[in-house]
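The values are calculated or read from the model by the stated rules, or taken from the named source; none is laboratory data. Predicted, not measured: the structure shown is a model, and the values here were computed from it. Cβ sites come from the backbone with ideal geometry, for glycine too, and all protein chains shown count toward neighbours. For accessibility, only protein heavy atoms count, side chains too; no ligands or nucleic acids. Shrake-Rupley method; radii C 1.70, N 1.55, O 1.52, S 1.80 Å.
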Amino acid sequence: MDLFNHCLAWGAAATRRTRLAVCVAALAGWGLVGCTQAAAPPVQPTSAPVVESAPVVDGKPMAYAVFAGGCFWCIEADFEKLPGVREVVSGYTAGRTPNPTYEAVSAGHTGHTEAVRVLYDPAQVSYSQLVEYFWRHIDPTVKDRQFCDIGDQYRSGIYWGNESERQTVEASRDALLKSGRFATIHTELAPASTFYLAEDYHQDYYKKNELRYSYYRLSCGRDARVKQLWGSQ
């Protein structure tokens, strides 16, 4: 347990990938393992929104929204609590390479950020409501990091799919700045680009690996910082 206690003390000073690599020895008794893969060759990014058609569910048209809020395990868990959200998947977006892997993204080799794609019912929750909910689950005051995870692969972002969404996102950001709550907002606002699904073991990670997820979220200080910035939700 000495190594595990060391991890608890040291956790806030390292990125998630590095921290978990060291802590895995202490956590091995709980069946916690890592995974590595190789990077892909570079391609040219596109500046036009890349919009994937959302499915029809129970006879009702759905819509997609893409957000980056640091660790995708956490922002996936947050969005799945919101009424009107039908599904949230973890993945990578806003990068330079096709078919990125977790190892390549977390090493900062691809330009992608960890993100989630939210499938929602517009009859139950609006895009504007999703945006407002997102703000209150991240730290928009920092650049190229979220909480204990540092690097542009953890930058926050909202990736709009059309002109109406762009106007909604920019108006929301401007209203936050005008309110005086924050002097600067570093969250990236950009047209949607290809969203690549993360590996299967990342999907619903907070459900499948509850102990490891809870340890990570607590040691990273995510909820404490959100409360400091936004107050009680």
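Search the stretch 115-125 for residues being part of a loop (DSSP other than H, G, I, E, B) and without any contact (Cβ under 8 Å) to a residue 60 or more places away in the chain, and hand back the single one that is surrounded by the most Cβ atoms within 10 Å (Cβ to Cβ).
Val125
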Listed by first then second residue, the pairs whose first member lies in the stretch 216-233 and is over 16 Å from Phe72 (Cα atoms) and among the charged types (D, E, K, R), whose partner is modelled with pLDDT of 95 or more and open to solvent by 30 Å² or more (accessible area, probe 1.4 Å), with beta carbons under 9 Å and at least 6 positions apart or on separate chains, are none
Give the residue, chosen from Glu76, Glu80, Glu87, that is within 17 Å of Tyr133 (Cα to Cα), of a type in the set (D, E, K, R) and touching a Phe, Trp or Tyr at 6+ places or on another chain (Cβ under 8 Å).
Glu76
Those residues of the stretch 147-201 which are open to solvent by less than 50 Å² (accessible area, probe 1.4 Å), among the hydroxyl-bearing types (Ser, Thr, Tyr) and under 21 Å from Ser128 (Cβ atoms), in sequence order
Ser156, Tyr159, Thr168, Ser172, Thr187
What number goes with the only condition from (1) of a type in the set (A, V, I, L, M, F, W, C); (2) under 16 Å from the mean Cα position of the chain (by Cα); (3) assigned to a helix (DSSP H, G or I) that Ala175 does not pass?
(2)
The stretch 126-146 residues that are closer than 14 Å to Lys227 by Cα, paired with ones that are modelled with pLDDT under 95 and assigned to a loop (DSSP other than H, G, I, E, B) (beta carbon under 7 Å, 6 or more apart):
Arg136/Gln233
